[in-house]
Amino acid sequence: MTDLGFNELVGTPITKVARDLTEITKLHEQTLAQAIQKAGATIDGTSLPGGDAMVALAHVADPETNERRVGLAEEHHIATCLRTDHTRCWTGSEDEDADHEPVLQTLLFWSEQWRNEKGYPLEGRRPTVASEANLIRSLLDWAWDNEMAWDDFARDIRQARVRSEDLLYAGARQERTRITCNHCDAGPRLLRLYGPETDGGGDRWKCPACKVRLDADGVRDAHAAMLRSEGAEKWIPQADAIGTLKAQGRAERTIRKWLADGEGESYCDPVTHDVYCWWPSLWRKHLMTKTREKKTA
């Protein structure tokens, strides 16, 4: 395989994996910007600032070390568990989060094996998406000739690329929101569009029923209409109320002052200790209170 020229390699399994690795590296370079953007867009008061993009920036555990820890956990469980059937026992060995595995974790699964076999140790350096993708790319010809699990390897790399694209909404992507359409009787939840479907003009929202497209101002109006509807007459978690009013441009400090002053009935669940508030009262206060405009220099 190493003797084949470039023209002969075009379209081969090696080239496909190489393209996936290149795309993974490019997408990862945009992760920090995505985390910063998502941090500024967090509105519910409970989500991790930066979301999944922030998680993707974190380092991952060494696969071999993790495997040893899982093995020890399984042995300890079997030795101490009183059940005779352990099929319903969780010991950490199930691959329940395979669809959400960090890209670096996937790359390390293969690169660490190949580093040991080829004699390319990290020598104390911390592995990164770029370092492991570059190593794997440089060994693709060798892997094609020697890796018995090539198909599994290629599938892992392709899935890692898809997860990277999902993380950054690369390509034509859609995300269903909780905001209902205010332009048609059906009132379905709006779809948030990313990528080429936005025509380069920022995020857009689309109704799957009447097909109307909304910009940020339009979706804000739809959100306000939904909050004024009869269905909004209900108790909601206080964190959701604060996040919703923040999305409408209200300062969190102001919202919390309203709550401290007793605006809107509230209660604490005696079991879960979650705090709920009566939404119509807060929404009415928001509508009756002008938003202070920031002075420009």
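Just so you know, all these numbers are worked out from the coordinates, no wet-lab data involved. Predicted model only: the values in this text are computed from it and were never measured. Cβ: placed from backbone, ideal geometry, glycine included. Neighbour counts: every protein chain shown.
P(r) for region 233-296, from all Cα pairs and a bin width of 10 Å, is 21, 55, 19, 5, 1 %, short bins first.
Do any of 16/118; 26/246; 234/290; 206/246; 206/290 go past 28 Å between their Cα atoms, and which?
Numbers: 16/118 23 Å; 26/246 34 Å; 234/290 24 Å; 206/246 23 Å; 206/290 30 Å.
Result: 26/246; 206/290 exceed 28 Å.
Spin-label pair residue 177-residue 19: with each label point 7 Å from Cα along the Cα-Cβ axis, the two points sit 3.4 nm from one another. Extending 7 Å from the Cα toward the beta-carbon at both residue 251 and residue 113 defines two label points whose distance is 5.7 nm.
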